[in-house]
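Quick notes on the structure that follows.
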Amino acid sequence: MDATPKTPRTTVARQRDRGRYDRDTINAIIDESLICHVGFTVRDQPYVIPTTHARVDDRLYIHGSVGSRMLKNMRQGVPVCVTMTLLDGLVLARSAFHHSMNYRSAMLLGVAEEVTGEDEKRLAFDALVNHVVAGRSADVRAADAQELKATSVLRLVIDEASAKVRRGPPIDADEDYALTCWAGVLPLQLLPGAPIDDPRLMLGTPVPTNVSTYRRQRAQSDID
Ligand SMILES: Cc1cc2nc3c(=O)[nH]c(=O)nc-3n(C[C@H](O)[C@H](O)[C@H](O)COP(=O)(O)OP(=O)(O)OC[C@H]3O[C@@H](n4cnc5c(N)ncnc54)[C@H](O)[C@@H]3O)c2cc1C
């Protein structure tokens, strides 16, 4: 399986058996996560900004207003750390100490570059809206020249990354298995509610299938 090269700074040190470096695992986490957190440092002060993203092959795209501090700094070649976190369950142990969470998370390191070509910028725009709802770009008006100009798009090549995955029941101390309190996993997942029509929706407009049947991808084996 294709893997990102394991570098000293992406090698999981704590609980190293939970570390994953293959692209399939990393890409699946990036794609299922609706949002990421982008960390960068400006004049010795770290900032971590939640935002949305999209992946196309080995490229991660992030966009925002041309005035955004995050994007202005990333454009100048500031090193970034981007993380995605999928919370799969609460792990409730017999001792307070061994409580945990089941999760899949990814961490990408690198230096982002600004996308200047119009074709790639449009490709990124489509990917960003399709990341939120698959196929959405085909249903809506594409960005016009003014909207394109007002938006910065940055590209981070995914070539230094790791994933970390925790699954399964609590891991208690041997002597605590004799305790009578409940222990186990409470699975959690992101589920949509019923779609709410925009008050100004044209009468009779149906909810598209990609909205009415919306789900984030998730394998059952990831929730257990
Ligand atoms: C939902 C959730 C809850 C967590 N709760 C806790 C908690 O309460 N306490 C706690 O100590 N830790 C918790 N973790 C794990 C935490 O993310 C770190 O893995 C852990 O703290 C070790 O950090 P470290 O800097 O010592 O990692 P190291 O193992 O030294 O990190 C080395 C490299 O491993 C990779 N790496 C490390 N962690 C991750 C990760 N999570 N995802 C992808 N790559 C990674 C990175 O490339 C990193 O540069 C939680 C994780 C998640 C997703």
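The values are calculated or read from the model by the stated rules, or taken from the named source; none is laboratory data. Only a predicted model underlies this, so the values are computations on that prediction, with no experimental measurement involved. Reconstructed Cβ throughout: ideal geometry from the backbone, glycine too, with neighbour counts over all protein chains shown.
At-a-glance table
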read-out	value
Given (1) surrounded by fewer than 16 Cβ atoms within 10 Å (Cβ to Cβ); (2) assigned to a helix (DSSP H, G or I), index of the condition ALA134 fails	(2)
Any chance ALA28 is outside any helix (DSSP H, G or I) and within 16 Å of the ligand (Cβ to nearest atom)	no
Test for ASN73: is it farther than 20 Å from LEU123 by Cβ, touching a strand residue (DSSP E or B) at 6+ places or on another chain (Cβ under 6 Å), among the polar types (S, T, N, Q) and more than 14 Å from the ligand (Cβ to nearest atom)	yes
Answer residue from region 85-131, given it is closer than 21 Å to SER65 by Cα and part of a strand (DSSP E or B) and is farthest from the ligand (Cβ to nearest atom) among those	GLU114
Single unsatisfied condition, GLY89 versus (1) small (Gly, Ala, Ser); (2) at pLDDT 95 or above; (3) surrounded by fewer than 17 Cβ atoms within 10 Å (Cβ to Cβ)	(3)
Cross-chain or 6+ apart pairs with Cβ under 7 Å, region 144-170 first and under 27 Å from ARG9 (Cα atoms) and within 13 Å of the ligand (Cβ to nearest atom), then among the aromatic types (Phe, Trp, Tyr) and part of a strand (DSSP E or B)	ARG166/TYR103
Residues of region 52-64 satisfying the condition of being surrounded by fewer than 16 Cβ atoms within 10 Å (Cβ to Cβ) and in contact with a Ser or Thr (Cβ under 7 Å, 6 or more places away or on another chain)	none
Where a residue in region 1-26 is under 14 Å from ARG104 (Cα atoms) and in contact (Cβ under 8 Å) with a residue 24 or more places away in the chain and its partner, wherever it lies, is in a helix (DSSP H, G or I) and among the basic types (Lys, Arg), with Cβ under 9 Å and at least six apart	VAL12/ARG18
Lone qualifier among VAL82, VAL12 - being farther than 15 Å from VAL157 by Cβ and either touching a Cys at 6+ places or on another chain (Cβ under 7 Å) or near the ligand (Cβ under 10 Å from one of its atoms) (or both)	VAL12
Selection status of ALA161, at pLDDT 95 or above and surrounded by fewer than 20 Cβ atoms within 10 Å (Cβ to Cβ)	no
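Results for (1) without any contact (Cβ under 8 Å) to a residue 24 or more places away in the chain; (2) within 28 Å of PRO208 (Cβ to Cβ); (3) touching a Phe, Trp or Tyr at 6+ places or on another chain (Cβ under 8 Å), shown as yes or no for each residue.
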residue: GLY39; (1), (2), (3): no, no, yes
residue: ALA54; (1), (2), (3): no, yes, yes
residue: GLY67; (1), (2), (3): yes, no, no
residue: CYS81; (1), (2), (3): no, no, yes
residue: LEU92; (1), (2), (3): no, no, yes
residue: ARG104; (1), (2), (3): no, no, no
residue: GLU120; (1), (2), (3): no, yes, no
residue: ALA124; (1), (2), (3): no, yes, yes
